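The values are calculated or read from the model by the stated rules, or taken from the named source; none is laboratory data. Keep in mind it's a predicted model, so treat the numbers as computed, not measured. With ideal geometry, Cβ positions are generated from the backbone for all residues, glycine too; neighbour counts draw on all protein chains shown. All accessible areas refer to the heavy atoms of the entire protein, side chains included, with ligands and DNA or RNA removed. Shrake-Rupley method; radii C 1.70, N 1.55, O 1.52, S 1.80 Å.
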Amino acid sequence: MMNDKVLETLEYNKIKSMLADRATSQPGRDKCLSLKPSADIREVNDLQQETYDCVGRLLRNSSVNFGSNKPVEMSLKRLDKGSSISAPELLDIAGLLENTARVKSYGRRDDEGERDSLDEMFDALAPLSQISSEIRRCILSENEIADDASSELKNIRRLKKVTGERIHSRLNSMVNSTYKSYLQDSVITMREGRYCIPVKAEYKGNVPGMIHDRSQSASTLFIEPSEIVNLNNELRELDIREAKEIEVILAGLSLRCGENTDIIRSDQLIMTELDFIFARGTLALDMNATRPEFNEDRIIDVKKGRHPLIDKNRVVPIDIRLGDDFDLLVITGPNTGGKTVALKTLGLLTLMGQSGLMIPALDHSKLGIFSEVFADIGDEQSIEQSLSTFSSHMKTIVNILDNADEGSLCLFDELGAGTDPTEGAALATAILDHLHKRGIRTAATTHYSELKVYALREDRVCNASCEFSVETLAPTYRLLIGIPGKSNAFAIAGKLGLPSYIIDSARDKISEADESFEDVISELESNRVLIEQEKLTIASLKEEIEGLKADYENKKNRLNEQREKILDSARVEARKILLDAKESADKAIRNFRKYGSIREMEDERSKIRNKLNEVKQGDGSPVHFSSGKRGEPGNRPPVSPKPSDFKLGESVRIISMNLEGTISSLPDNKGNLFVRCGIMRMQVGMNDIEFVMTDDITGPGIHNKGKGSTKKGSQGYRMGSGLSKSNTISMELNLIGNRVDEAIPKLEKYLDDAYLSHLETVRIVHGKGTGALRKAVWDHLKRIKYVKSYRLAEYGEGDAGVTVVNFK
């Protein structure tokens, strides 16, 4: 438990007030104001995780309000005893439950992402919507119960209204006629809950009834006429019945709440805790704070830390370390240079972190866990005025030395000041050396040169200084660790107008050793500035080199891409040349089949095909060529045919499907006709058809029929020398009736042509028979590299008499 004095000294209470301002309920504000740092690293990490998860929710969604979470514990205690509570108390409970429902809805996840530390609390909320709805139905406000709260209450209020109207009717008659001349005013009033009329004192005997009141001047008497006494009595009885019925209603609502006091109490506690957590998250966002990393080695490494009570647009961030390479940090430098602010920043960020609050610093800042923080800070600057004397400082220091241990963090401002400098420096050195030998993390500010020398001499003690610009004679408020600082008293005095001859005289009074030491510090400072400038230059050059490297890589990649394109183009050109050669060889074979030896020409054709297969793309796959894109019918001018242009048996192509067939019916009145493509007969429109021109029909016994002619024979496909194969090749080869030695050359050529035509699947019709032809076909397919797979056709496709071939 941190001592209250250090919390006040480091202005931790101001942080708690800032936190409370961001809570939206009174219980939440009370919890914020009671916040204390924890020395349990597990508890600290849990608190930090809650704050971190809350910040994530606030960034994804808007905030949530806990304003209806009011203190209801006293009401719940009375309910536990079986007592009834008032309408305002029931409304507070209804407000709490309604607020609980809104918060639970806010916490509900729309996705199934990873759960966070707050989900369990949101899940535990129980809104008890039926109870809150019933309270709202029965109680309209703190002073008004709804007529529909019960049927009895509704009936009573109806009777009251009727009775009241009867009373007003009779009184109006009296006021306007019967007793008009005896009245002070023609009005109906009420005294002690009974209707009366104002009668002049001198006519009181003329108006029989009960006197309930008189005016200050005694000139007017408020008389209840005897004619309406019974009606007023009835109205009074109805008022009593109404009050009793309201008590019954409130008792019933109290009973329902009393049955659920544990749930309501749990909701109230969780709502208060969530309000506290969301206040921490909101404060973190307002401070642009981050989650620190905690360790039990008491290592502090704050990166660009900012004092949270100074305007974040004006404060200068500082880097401060302690506990890793050194246990004691001695901070020196001029007055108003930022030494005390640095000390307070170190202490306050430690307290904030151990309280579950994020700290205003960069990511991956580190904080140690300390069981106690001690501080002797007597500011003489604008942050906080202090009138502490040397004796009061010593009293505080004695208390620190008595209570500090290895788990403590000790902070001293101007240690040893306020007394003789020689004795003060000796005391300060002895105090720091005592703490250092005990391994206690300590940071102290000073002007004593002896402490700078002590820091240079001792292990695990480090100098630090607040930077001072000699050019502007003004502090920059940057903390420089590893470099002792100069007080710059002469420079500051000169800036403030002290005559130069006095400053020169003062310099003469400094010992040569002290002046030499100060000169060394000045030289270190000059070297540091130079090194920082060189670091900036190196960083700039490094960034420039990285940019040039990136440009080089981009150019290299572009050159590689261009190289691949050039190689691909060369492969395409080579493939084209070989393809032309193959076409010539195919034509020669067709002619030779008519007049020469087939075997010799087939051997030559196989050599050309093997050479063709050696030409591959960069990825090893064959290069394909066609006269146009796959599935497109070449570059023909569009033709709009007329019905009279179509004749039965003419060869046509279905444009949308890139299939060829013959006309099997003439166009109907809608322009549709049937085309037979192999075993399929399809209905298409005239505009989806173009005529096929075949100039060279090959194969034994085949004759050229000109436009629209089709090839007849066992091969089942056509080839035209003037057309690309992708436009003329059939999807089926019929080998029925051929011997094996006749069928294999036909199969080989057909597969080559089909593959070059970009067909994905073809059918080889070999029939069932003895199976010899099918076996020869399958043996041949095994040896062809561009065949991906083959199988027997399924039922309805030709069964075992057909093999379906898929190309790569």
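Divide the volume of the convex hull around the Cα atoms of segment 243-311 by the residue count and you get 168 Å³ per residue.
Checking the cross-link pairs Lys565/Lys788; Lys154/Lys244; Lys344/Lys535; Lys312/Lys344; Lys160/Lys244; Lys452/Lys535 against a 19 Å limit on the alpha carbon distance flags Lys565/Lys788; Lys344/Lys535; Lys452/Lys535 as lying beyond it.
The value obtained for segment 89-153, namely the Cα convex hull volume divided by the number of residues, is 91 Å³ per residue. Once both labels are positioned 7 Å from their Cα atoms along Cα-to-Cβ, the gap between Asp311 and His434 label points is 4.3 nm.
Extension gain, Tyr501 to Asn669: 0.36 nm times the residue separation minus the Cα-Cα distance gives 48.4 nm. Size of segment 276-375 from its Cα atoms: along the principal axes, largest to smallest, the extents are 39, 33, 23 Å.
One chain, two ends: Gln683 and Arg158. Fully extended at 0.36 nm per residue, the span grows by 180.6 nm beyond their Cα-Cα distance. Placing Thr332, Thr396 in order of accessible area, with the largest value first and a 1.4 Å probe, yields Thr396, Thr332.
The distance separating the Cα centre of segment 651-674 from that of segment 732-808 comes to 28 Å.
Net length available on complete extension from Ala146 to Lys642 is 170.0 nm, with 0.36 nm assigned per residue and the Cα-Cα distance removed.
Averaged over its residues, segment 74-188 has an accessible area of 57 Å² per residue, based on protein heavy atoms and a 1.4 Å probe.
Inter-label distance, Ala493 to Ala570: 8.5 nm, where each label sits 7 Å from its Cα along the C-beta direction.
Computed over protein heavy atoms with a 1.4 angstrom probe, the accessible surface ordering of Met210, Met271, Met682, largest first, is Met210, Met682, Met271.
Pairs of lysines in segment 1-138 whose Cα atoms sit within less than 21 Å of one another amount to 14, provided the residues are eight or more positions apart or on different chains. With the crude spin-label approximation of a point 7 Å out along Cα→Cβ, what separation in nm comes out for Arg791 versus Lys555? According to this spin-label approximation, the distance is 5.5 nm. When the Cα atoms of segment 1-131 are aligned to their principal axes, the ranges along those axes come out at 48, 42, 25 Å in descending order.
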